[in-house]
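J.: Input: one structure, supplied below.
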Amino acid sequence: MNNFTFNEIHQQPAMWRKELQAMLAAKAEISAFMHKYLTNDTDVVLTGAGTSAFIGDALCPIMRGMWRNVRSVPTTDLVTHAEYLLDAERPLLLISFARSGNSPESVAAVNLANKVCKNVAHVYITCNKDGKLAQQAQGKGNILLLQLPEETDDKSLAMTSSFSTMLLTCMMLGRIDVLEQDAEKIEKAAKNAEAVIANYEDPLKEIASRKFERGVFLGSGALKGIAEECHLKLQELTDGAVVCKFDSFLGFRHGPKAVVNDKSLVVYLMTDQESVQRYERDLIKQVDANNKPVAQVIVIAGKIPELPSVKSDLIVQMPYGKETNEFYGIAPFVVVGQLLGFYASKAHGLNPDAPSVSGNIHRVVEGVTIYE
């Protein structure tokens, strides 16, 4: 059995630091491109498939402060409904996230954007220098290629370091003109990820070995997008033996809460913003009161909430930085979901590098025909 997944989870802090240096080294080129193609009228669309699409979902709530007209639209929607989802008359900056750059939808979405829109520029954030997207960027003035460290081209089925490094790269892109000022915040994010691994890997391994059949991940704002990625990690790494859901704390009340039972793992990704956390605390108390027992409960936060009456199996604290889960600080939260998925996979007797015994899922999606 290989250890790709294990290594790729653990290498993330080093990859974030490495990518920061690469972005700083290319700052002049990146800044010139963004100033040329990004205006107040530009429609910024974040796109990808599966995990790569979840990057955009996490980023949208926090990128609006820099890019006014930013949306997250999966390539899997663009391929079928590009003419409805893209405005032909507005300038478009399409930011594509792709681990391999070889998924049929990734290439098709780019081609459709070029066909539908009159004024298009592209940013490719990819981990594979030999992928179709990276090769397509060569010699094109309206394409900015942000090539991530080679190690982030995860060899395992599940995307781990590719997800988090692409996520942070796009944040750095939005802050490119003042990126030097952000070095300390990115370092704190890396240290928080290291703290999660050092302090909580063994407890997460123990919880992952317990018997539960459902996983629920809840987050607010950008952390909802991180919850979305966490839910997929646990589900795909257990080959569907654990069926997972994600939602916002407030949204979970409106029907989805019915899935919680004594065979459920519930993971709360909590913000440090008091104005938001008060809603999160109320939901946690309600779930605890209405569902005794819930199989397992994990709370993740920078500022630990006061929940004296609520039983939790594990509290994961991000120790570095006052606002640990704002902007760059959301990235370390995904490490919890990755570790749960990895150890749950092993607990189910699977190989985390290739957990799909049925063959239903592959590292690069198969069987997709792109029609004219």
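J.: Check GLY240, GLY251 and return the single one that is surrounded by fewer than 24 Cβ atoms within 10 Å (Cβ to Cβ), in the same structural domain as VAL335 (by TED's automatic domain parsing) and part of a loop (DSSP other than H, G, I, E, B).
T.: Being surrounded by fewer than 24 Cβ atoms within 10 Å (Cβ to Cβ), in the same structural domain as VAL335 (by TED's automatic domain parsing) and part of a loop (DSSP other than H, G, I, E, B) holds for just one of GLY240, GLY251, which is GLY240.
J.: Here's a follow-up. Only one of LEU148, LEU204 is within 21 Å of the chain's Cα centre (by Cα), not assigned by TED's automatic domain parsing to the domain that holds VAL299 and not aromatic (Phe, Trp, Tyr); which?
T.: From the options LEU148, LEU204, the qualifying one is LEU148.
J.: Hey, another quick one. Is there a residue being hydrophobic (A, V, I, L, M, F, W, C) and part of a helix (DSSP H, G or I) anywhere in segment 138-145?
T.: No, that holds for no residue.
J.: Can we say GLU151 is in contact (Cβ under 8 Å) with a residue 60 or more places away in the chain, assigned to a helix (DSSP H, G or I), of a type in the set (Asp, Glu) and crowded, with 19+ Cβ neighbours inside 10 Å?
T.: Criteria not met by GLU151.
J.: Any residue at all in segment 73-82 that's closer than 30 Å to ASN351 by Cβ, of a type in the set (Val, Ile, Thr) and touching a Gly at 6+ places or on another chain (Cβ under 7 Å)?
T.: Scanning segment 73-82, I find at least one residue that is closer than 30 Å to ASN351 by Cβ, of a type in the set (Val, Ile, Thr) and touching a Gly at 6+ places or on another chain (Cβ under 7 Å), so the answer is yes.
J.: Could you say which residue among SER96, SER72, SER52 is touching a Cys at 6+ places or on another chain (Cβ under 8 Å) and of a type outside the set (A, V, I, L, M, F, W, C)?
T.: SER72
J.: In segment 104-138, what residues are under 24 Å from TRP67 (Cβ atoms), modelled with pLDDT under 90 and out of contact with any helix residue (DSSP H, G or I) (no Cβ under 6 Å at 6 or more places or on another chain)?
T.: GLN136, ALA137
J.: Now for a separate question. Here is a check on your reading of the model: is LYS257 free of Cβ contacts under 8 Å to residues at least 60 places away in the same chain and either under 18 Å from PRO305 (Cα atoms) or outside any strand (DSSP E or B) (or both)?
T.: Yes.
J.: Now for a separate question. Go through segment 173-216 and give me each residue that's crowded, with 17+ Cβ neighbours inside 10 Å and either part of a loop (DSSP other than H, G, I, E, B) or among the polar types (S, T, N, Q) (or both).
T.: ARG175, ASN192, PHE212
J.: When you scan segment 225-237, how many residues do you find that are more than 17 Å from PHE6 (Cα to Cα) and either in the same structural domain as ILE55 (by TED's automatic domain parsing) or in contact with a Leu (Cβ under 8 Å, 6 or more places away or on another chain) (or both)?
T.: Counting residues in segment 225-237 that are more than 17 Å from PHE6 (Cα to Cα) and either in the same structural domain as ILE55 (by TED's automatic domain parsing) or in contact with a Leu (Cβ under 8 Å, 6 or more places away or on another chain) (or both) gives 3.
J.: Does any residue in segment 173-187 that is closer than 15 Å to MET318 by Cβ come within less than 9 Å, Cβ to Cβ, of a residue that is among the hydroxyl-bearing types (Ser, Thr, Tyr) six or more places away or on a different chain, and which pairs are these?
T.: The qualifying pairs are LYS185/TYR328; ILE186/TYR328; GLU187/TYR320.
J.: For segment 34-50, give me the residue count where each residue is modelled with pLDDT of 95 or more and over 25 Å from the mean Cα position of the chain (by Cα).
T.: Of the residues in segment 34-50, 3 are modelled with pLDDT of 95 or more and over 25 Å from the mean Cα position of the chain (by Cα).
J.: Let me ask something else. May I ask you to list pairs of residues, at least six apart or on different chains, whose Cβ atoms are under 6 Å apart, with the first in segment 120-138 being farther than 15 Å from MET166 by Cβ and the second being outside any helix (DSSP H, G or I) and of a type outside the set (A, V, I, L, M)?
T.: Sorted first by the residue in segment 120-138, then by its partner, the pairs are ALA121/ASN142; LYS132/GLY101; LYS132/ASN102; ALA137/TYR124.
J.: At pLDDT below 90 and within 23 Å of PHE327 (Cβ to Cβ): does that describe GLN273?
T.: yes
J.: Of the residues that make up segment 270-278, is at least one assigned to a helix (DSSP H, G or I), free of Cβ contacts under 8 Å to residues at least 60 places away in the same chain and hydroxyl-bearing (Ser, Thr, Tyr)?
T.: Yes, that holds for at least one residue.
The values are calculated or read from the model by the stated rules, or taken from the named source; none is laboratory data. Computed from a predicted model, the values in this text were never measured in an experiment. So basically every Cβ, Gly included, is an ideal-geometry build from the backbone, and we count neighbours across all protein chains shown.
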